[in-house]
Amino acid sequence: MPAFNALGGALADVMRLPAGGTLRLAWDLGWLLLSAFVAVWLPARGSPLWPRALALALAGLWIAAAVWAAWNLESDFPTWFVAAVLIGVPIAASAAVAVGARGRRVAPPVVR
């Protein structure tokens with residue numbers, strides 16, 4: 001997922017967004033939330049066994065990382081950005097769990 005998030009940075013450069021400021025932070029926040037969604041959704045769709053359990057574990061890791069980042073980087077970023085990360089990452093990860101594991105029929109393991 002770091003490569004996916006780096007794509008957002010490369011697109012920002014192509015679009016000539018300024019290196020700092022509110023617009024760039026909003027752009028980066030959007031890509032962070034999209035990365036959180038894809039990082040949980042993709043394994044949930046592709047996992048042959050226990051897709052919901054895998055998605056929930058990954059969502060928990062993303063939420064823990066968001067809390068860690070908010071705690072350690074709060075003074076480096078505006079309050080609105082930190083609040084959006086703390087609210088947005090759990091929503092994105094939860095949505096990915098719901099969408100990723102929905103409609104999946106997992107075959108039971110074959111016992112020989």
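Scanning the range 29-62 for residues that are in contact (Cβ under 8 Å) with a residue 24 or more places away in the chain, over 13 Å from A96 (Cα atoms) and in a helix (DSSP H, G or I) returns L29, W31, L32.
Given the criteria small (G, A, S), assigned to a helix (DSSP H, G or I) and free of Cβ contacts under 8 Å to residues at least 60 places away in the same chain, does A96 qualify? No: the conditions fail for A96.
Checking each residue in the range 1-16 for being surrounded by 12 or more Cβ atoms within 10 Å (Cβ to Cβ), part of a helix (DSSP H, G or I) and of a type outside the set (S, T, N, Q) picks out F4, A6, L7, G8, G9, L11, A12. Residues that are in contact (Cβ under 8 Å) with a residue 24 or more places away in the chain and of a type outside the set (F, W, Y) within the range 66-78 comprise A66, P78, listed in sequence order.
Take the residues of the range 17-28 that are of a type in the set (G, A, S) and outside any helix (DSSP H, G or I): which is surrounded by the most Cβ atoms within 10 Å (Cβ to Cβ)?
Filtering the range 17-28 for residues that are of a type in the set (G, A, S) and outside any helix (DSSP H, G or I), the one surrounded by the most Cβ atoms within 10 Å (Cβ to Cβ) comes out as G21.
Just so you know, in the range 61-76 the residues that are surrounded by 11 or more Cβ atoms within 10 Å (Cβ to Cβ) and modelled with pLDDT of 90 or more include one that is nearest to the chain's Cα centre (by Cα), and it is W62. Per the listing A44, A53, A36, the residue uniquely crowded, with 17+ Cβ neighbours inside 10 Å, of a type outside the set (K, R) and over 27 Å from L73 (Cα atoms) is A44. For the range 52-104, what are the residues that are basic (K, R) and within 24 Å of G20 (Cα to Cα)? Passing the criteria: none in range.
The values are calculated or read from the model by the stated rules, or taken from the named source; none is laboratory data. If you're wondering where the values come from, they're calculated on a predicted model, not measured in any experiment. A quick note on method: Cβ atoms are made from the backbone with ideal geometry, for glycine too, and the neighbour counts reach across all protein chains shown.
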